[in-house]
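Comments concern the structure below.
The values are calculated or read from the model by the stated rules, or taken from the named source; none is laboratory data. Note that this is a predicted model, so its numbers are computed, not measured. FYI the Cβ positions are ideal-geometry reconstructions off the backbone, even for glycines, and counts take in every protein chain you see. Side chains are part of the model used for accessible areas, which takes the heavy atoms of the whole protein and leaves out ligands, DNA and RNA. Shrake-Rupley method; radii C 1.70, N 1.55, O 1.52, S 1.80 Å.
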Amino acid sequence: MLTLLGVAGTGIGAASCVDTSGTTSGTGGSPDSQRPTGTIRIPDPAGTLPTGDVELRWMDSGDMKARFFEDFFPVYEEKHKNISVRYEGTNWNQITEVVTLGVRNGTAPDVFQLPVQITMGMAVSNRWIGAYDDIVPDFSAVKERFPAGAFADGVTDFGGKTYALPLTGQQRINTLLLFNADLARGLDADLGTEVLTWQQFREVAKQITKQGAGSYYGTIFGLAQPGGLSTPINAMCEMAGVHGGAEGVDLRTGKFNVTNPAVIEAIELILAIKSDGSAHPDSINLDAPGARARMPLGQAGIMMQGPWNIVPWQEENPEFRLGLNLPPQQDPNDIWPSTHGPGGSNNYVYSSKSKLTAVIGDIMAYLTTAAGQVQIGLRIGAADPPALPDAIHELDPDPLQRKALELGTKHTVLRPEPAARNPDVAKVYEAQVPATPTFSDTLVGLYTGQIKDGVEAAMRQMEDRLEKSLDDAIAKARSRGADVDRDDWVFSDWDPRKPYTALYEQ
């Protein structure tokens, strides 16, 4: 039997129906009947599975994808009654603790997501994880179904083999403007149809706060969690033409962006909103879940977070009227795409010590088909779009999720990745010590007033730390034999308005 440990959320959408007939999708008949029904149908295995009783242990970060696996694993167990699955949809702190220890002593789950402390290169070089080429039937054909950029040398692939399998894609706006439609009435802008300028964002936040008279505020942040300010500022800046985001590297020039005038302006905007009294006063004490829990309670009019909020809010607070749009723009008439690197999203690896590689290969073979991808999309929706574009087209989401998906498709492009051009760059990532205080820490220090030197001075110091972090890592990697230098971060042919696919063609 399936064992669920610490799973966030419950199944959504169409009921999960068990069908072990061996068919893979659809119900036959007219074109309308070919639309996805939510039924998961497990095909017969292409390889030989264990005949005795076995238990597969699967660990990931839960959240919306747990809704799919809660439906999928019972159906898989019904098809293969001798196979049980222990699914642990948990948090990243727990993943870090369990996986970091487990890969070293051989107790890691059979399938898991890597914590950020363990790079793919580190996991491969230490032989902690195995290659999917060795366990998924006809894996070369599987890879051909994926779009360019889903796999890349130095990211998912090492030494000609694939070690990370992305089950969802990255055509997603991670920072949307999410708003309470009941609190957004009577404003000088229609938040659902009009993309706000940065200055309009400030003015709208003022208006909502004035209307709230202390019972609700213009906006809310979750500053107790890393990324609470850096994530929206990165998004706003990248769509303003700061290529690579506020704290990233402009891959056209190889230079860091934190002293870019647009970055300074975006930070000063957030500080002005706070100074106006338009930000929820508890923002400094809230993490991301804490902040988003306040939205359907009517404590803030606007929040900048991702589409993963849509379904939980709809289910748990059916009276909450949610709207969404692009984040505020420096110039709504000149919106640059949000970029993402190769390697897809929700990458899964498997333990090289696992004795159940035949089961893992069989599961992954299904999850990477169009049928499997559609079932993932039906349950996760805009929170994590399917990795296969054709599967996205098969979905029939509600209007809010459809809008989020359309914005992601329209306003995201694939960017270059230095490690895909020069695999030795992965050795730099392994050696790199993050710049501290981080960009996120620095923004919180500015917000709370603990950093008093001003935004420009703080960003000059941040740039110095980022430069030193990268230069030191390059020097350390070179001392270990890596052939790498700062020119590896320069792609002079990159047009940030277009997907950069040249590196990733299969």
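One table, with the values for the structure above:
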item: Conditions (1) open to solvent by 20 Å² or more (accessible area, probe 1.4 Å); (2) modelled with pLDDT under 95: number failed by GLY26; result: (1)
item: Condition met for ALA382 (closer than 25 Å to PRO226 by Cβ, at pLDDT 95 or above and aliphatic (A, V, I, L, M)); result: no
item: Some residue of segment 467-477 being of a type in the set (Val, Ile, Thr) and either surrounded by fewer than 17 Cβ atoms within 10 Å (Cβ to Cβ) or in contact with a strand residue (DSSP E or B) (Cβ under 8 Å, 6 or more places away or on another chain) (or both); result: no
item: Residues that are open to solvent by 50 Å² or more (accessible area, probe 1.4 Å) and among the β-branched types (Val, Ile, Thr), drawn from segment 283-303; result: ILE284
item: Selection count, segment 478-496, where residues are of a type in the set (Gly, Ala, Ser), surrounded by fewer than 18 Cβ atoms within 10 Å (Cβ to Cβ) and in contact with a Lys or Arg (Cβ under 9 Å, 6 or more places away or on another chain); result: 2
item: Meets criteria (hydrophobic (A, V, I, L, M, F, W, C) and either open to solvent by less than 60 Å² (accessible area, probe 1.4 Å) or under 23 Å from the mean Cα position of the chain (by Cα) (or both)) for LEU183; result: yes
item: In segment 186-201, the residues that are over 26 Å from the mean Cα position of the chain (by Cα) and open to solvent by less than 60 Å² (accessible area, probe 1.4 Å); result: LEU187, ALA189, GLN200
item: Index of the failed condition, VAL349 passing every other in (1) open to solvent by 30 Å² or more (accessible area, probe 1.4 Å); (2) not in a helix (DSSP H, G or I); result: (1)
item: Only listed residue being at pLDDT below 95, surrounded by fewer than 18 Cβ atoms within 10 Å (Cβ to Cβ) and farther than 20 Å from PRO137 by Cβ, chosen from THR39, THR3; result: THR3
item: Conditions (1) crowded, with 23+ Cβ neighbours inside 10 Å; (2) within 24 Å of the chain's Cα centre (by Cα); (3) of a type in the set (A, V, I, L, M): number failed by VAL204; result: (2)
item: Of all residues making up segment 156-179, the number that are of a type in the set (S, T, N, Q) and either out of contact with any strand residue (DSSP E or B) (no Cβ under 9 Å at 6 or more places or on another chain) or open to solvent by 10 Å² or more (accessible area, probe 1.4 Å) (or both); result: 4
item: Near pairs, Cβ below 8 angstrom, 6+ apart or cross-chain, from segment 230-259 (open to solvent by 20 Å² or more (accessible area, probe 1.4 Å)) to any residue that is of a type in the set (Lys, Arg); result: GLY244/ARG415; VAL249/LYS255; THR259/ARG460
item: Scope segment 432-462; condition under 27 Å from the mean Cα position of the chain (by Cα) and surrounded by fewer than 20 Cβ atoms within 10 Å (Cβ to Cβ); matching residues; result: GLN432, VAL433, PRO434, THR436, PRO437, THR438, SER440, ASP441, GLY445
item: Of all residues in segment 104-125 being outside any helix (DSSP H, G or I) and at pLDDT below 95, the one that is nearest to VAL54 (Cα to Cα); result: GLY106
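Here's the yes/no breakdown for (1) over 17 Å from GLN299 (Cα atoms); (2) in contact with an Asp or Glu (Cβ under 9 Å, 6 or more places away or on another chain):
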site	(1), (2)
TRP198	yes, yes
ALA205	no, yes
GLY212	no, no
TYR216	no, no
GLY222	no, yes
PRO226	yes, yes
HIS243	yes, yes
ALA246	yes, yes
